[in-house]
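Take a look at the structure below.
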Amino acid sequence: MCGIVGAIAARPVSEILLEGLRRLEYRGYDSAGMTVWDGSQIKRLRRAGKVQALGDALAETPLDGQLGIAHTRWATHGKPTENNAHPHMSGARLAVVHNGIIENYESLKRDLVARGYEFTSDTDTEVIAHLLDSAISSGASVLDAVRDCVAQLHGAFALGVMHQDYPGELITARKGSPLVIGVGIGENFIGSDPLALLQVTDRFIYLEEGDVARLRRLGIEIWNSAGESVERPVLRFEHGSGSVDKGEYKHYMLKEIYEQPRVVHAAMEGRLGAERVLEEAFGVTAPAIFDQVRQVQIVACGTSYHAGLIAKYWIEDLAGIPCMVEVASEFRYRKVVLPKGTLFISISQSGETADTLAALREVRDRILASLTICNVPGSSLVRESDLCLMTNAGPEIGVASTKAFTTQLVALLMTTLVLGRRHELTPETEARIVADLKTLPGLLEQVLGLDSAIEKMAEAFAEKQHALFLGRGTLNPVAMEGALKLKEISYIHAEAYAAGELKHGPLALVDKDMPVVTVAPRNEMLDKLKANLQEVRARGGELFVFAGSRQEVQPEEGVQVLELPPMPGILEPIVYTLPLQLLSYHVAVLKGTDVDQPRNLAKSVTVE
Ligand code: G6P
């Protein structure tokens, strides 16, 4: 997804901007560019492809100046070419970077073309540059031009704007797309998220919807959507900046997989009493809201959606109240019936996923309350939900989500317990699950010990085109997540099925070229699952089984079995996720793909 960085300082800014873009690479992009005011004119450099290509161009043609804006673009309108890369300019005097989508750009463009503006790109962003130029040519200041322009834009945007006649000002605005202001000493910055700016500051202002701001070296002024001057709090960034380095690991994804014992602990820290979940963790108003919950509606996308599917099993089983789960992109566009007493739970690593946010806004007036399970403090979902439970996983850089998922599951299990105690859950069961949760970090450590065996197993997948994942019960969404991980980073086509569905279709695909991965803990579904595995073996399919017991599922010709430690049943979906993450990771490494930034994918999908 597009990334924005901007700086106004008393020192050269191009290296700061470039480093900011590098730190935003994880969001996914296909071109990069920057403009810098060099004291007499705005100079621009853009490149299709990686930020490194822009860095190489900068090494050859340095941009020297103390005001600049930069951008990584994830193509939405027009191909990922240099011409479509940001910043976009109107004439030589004004440059703009934009994240988001302008829905009414075609009518705005027609109007601008009729007034003589020539377009040099296929982007929606260029209309913003020309709209600004048009207002400034009629006498408006750059600040007033931005205000005037945003009032005409429909859709989502975060903007950074610089103008030759205002070399002491960096103007920014946001509505529907993320943007933070980094507060420095004698210098100020903008960025799509704090990570982009942690190299220069750890103090941030999170702009509200509709805010416009003017940054000078020595001051920041903010106006809300009504045009009133407002103060926004300056918050210190909560994660240690060291957590965005790869450290000893070859990829962020591997580092993040290995962080899981620590971060699941962080997700529970301060939230578990001796025998119960401390519901104060959800906020002061939470108990009164939870008392009224009669059913739950979960909405999320991607990996976060899979966490929601697992939570459904827990909520219906332990709390005994109905729970619906749906992907946000469908939910937001259909007529949804929400009975009285519905708690709307959004799950999101980033807190900025456009569809999830839109779903919340869509139902806000028809629900009892909203709760978000989120990893990014200050993000839009956190700000717009009634309640939030932060997952505390720390920044997740690898596009393929790992530690965010397992910490979401911990948060959802804690949520199940606070809801359940108001319904069918007994204090004894809650106490047992709380005790089980406390064993989770140790169990995850043990599973990480299987890494080299999983690496070996991965060799069997490197040459394959397809793979099938099977699970039952709460392990069915785990299989779905395993298949998603494999396709995301290794580009092997992978599908997941509830094992009982095998004979209703996918069995037709099974042959020696179709590896079948199964998560098979020792639980009440195991016998049924074993029967499904026999169906695969009988068709010559090669099985890779992550099992709770080798006695139950024995290795033989064509059946590889990896035994996981014994564990409480409630923790199985969390713990069995790890070997599937490691399997995908090693297959991707063997295939030589870009593990942390897989092709065509973005970390944070802030447009529809
Ligand atoms: C993108 C990411 C996924 C993520 C999904 C939802 O597709 O690549 O890893 O699961 O968005 O993102 P969210 O931030 O809402 O969890």
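Tabulated values for the structure
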{"read-out": "Unit charges on C-beta of K, R, D, E only; dipole of region 260-378, Debye", "value": "280 debye"}
{"read-out": "Three-way shape label, region 304-362, alpha-carbon gyration tensor, a/c 1.5", "value": "oblate"}
{"read-out": "Within region 159-250, trypsin sites (Lys or Arg not before Pro) in DSSP loop having at most 10 other beta-carbon neighbours inside 10 Å", "value": "none"}
{"read-out": "Antiparallel bridges, percent of DSSP beta bridges restricted to the chain (to nearest 5)", "value": "60 percent"}
{"read-out": "Contour minus Cα-Cα distance for Glu608 and Glu280 (0.36 nm per residue)", "value": "114.6 nm"}
{"read-out": "Extreme residue, positive dipole direction of the chain, given options Ile321, Thr407, Trp37 (C-beta unit charges)", "value": "Ile321"}
{"read-out": "Paramagnetic reach from Gln164 (point 7 Å along Cα→Cβ, amide N under 18 Å) across region 80-111", "value": "87-97"}
{"read-out": "Calculated FRET efficiency for the pair Asn600/Glu118, C-beta based, R₀ 25 Å, to 0.05", "value": "0.20"}
{"read-out": "Between 0 and 90°, nearest 10: helix 302-314 axis offset from the chain longest Cα axis", "value": "40 degrees"}
{"read-out": "Measure of compaction for region 308-435 (Cα Rg per 2.2 N^0.38 Å)", "value": "1.05"}
{"read-out": "For region 106-181 and region 505-574, distance of Cα centres in Å", "value": "57 Å"}
{"read-out": "Contour excess over end-to-end distance, with Cα ends at Ser549 and Gln446 and 0.36 nm allotted per residue", "value": "35.6 nm"}
{"read-out": "DSSP bridge pairs, region 460-608: antiparallel proportion in percent, nearest 5", "value": "5 percent"}
{"read-out": "Ellipsoid semi-axes in whole angstrom, largest first, where each is sqrt(5λ) of the Cα gyration tensor of region 58-160", "value": "21, 17, 13"}
{"read-out": "DSSP beta bridge pairing in region 257-399, given as percent antiparallel to the nearest 5", "value": "5 percent"}
{"read-out": "At R0 = 22 Å, FRET efficiency that the Cβ-Cβ distance of Ala226 and Arg383 yields, to 0.05", "value": "0.80"}
{"read-out": "Too-long pairs where the Cα-Cα distance tops 26 Å, listed order kept, from Lys246/Lys312; Lys312/Lys456; Lys255/Lys603; Lys340/Lys528; Lys50/Lys603", "value": "Lys246/Lys312; Lys312/Lys456; Lys340/Lys528"}
{"read-out": "Accessible area of region 1-119 belonging to carbon and sulfur atoms, whole % at 1.4 Å probe", "value": "46 percent"}
{"read-out": "Most positive-pole-ward Cα, Ile190, Ser229, Leu437, against dipole of the chain from beta carbon charges", "value": "Ser229"}
{"read-out": "Protein accessible area in region 345-477, 1.4 Å probe - carbon and sulfur %", "value": "47 percent"}
{"read-out": "Point-charge dipole on Cβ atoms (K/R +1, D/E -1) for region 488-569, about Cα centre, debye to 20", "value": "180 debye"}
{"read-out": "Cα long-axis angle, helix 354-363 against the chain (0 to 90 degrees, to the nearest 10)", "value": "80 degrees"}
{"read-out": "Modelled FRET efficiency - R0 51 Å, Glu463 with Arg11, Cβ distances, 0.05 increments", "value": "0.45"}
{"read-out": "Around Ala483: net Lys/Arg minus Asp/Glu count, Cβ-Cβ under 14 Å", "value": "-1"}
{"read-out": "Compactness index (Cα Rg / 2.2 N^0.38 Å), the chain", "value": "1.01"}
{"read-out": "Label point distance in nm, Asp511-Leu235, each placed 7 Å from Cα along Cα→Cβ", "value": "5.5 nm"}
{"read-out": "Full-stretch length increase - Tyr333, Asp317 - with 0.36 nm per residue and alpha-carbon distance subtracted", "value": "2.8 nm"}
{"read-out": "Charge dipole (debye, nearest 20) of the chain; +1 at Cβ of Lys and Arg, -1 at Cβ of Asp and Glu", "value": "300 debye"}
{"read-out": "Projected label distance in nm at Asp64 and Glu248, using a 7 Å step from Cα toward the beta-carbon", "value": "4.4 nm"}
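The values are calculated or read from the model by the stated rules, or taken from the named source; none is laboratory data. Just so it is clear, the structure is predicted and the values come from calculations on it, not from any experiment. No Cβ is skipped: glycine too gets one built from the backbone with ideal geometry, and neighbour counts run over all protein chains shown. Each accessible area value is taken on the protein alone, full model and side chains, heavy atoms only, with ligands, DNA and RNA left out. Shrake-Rupley method; radii C 1.70, N 1.55, O 1.52, S 1.80 Å.
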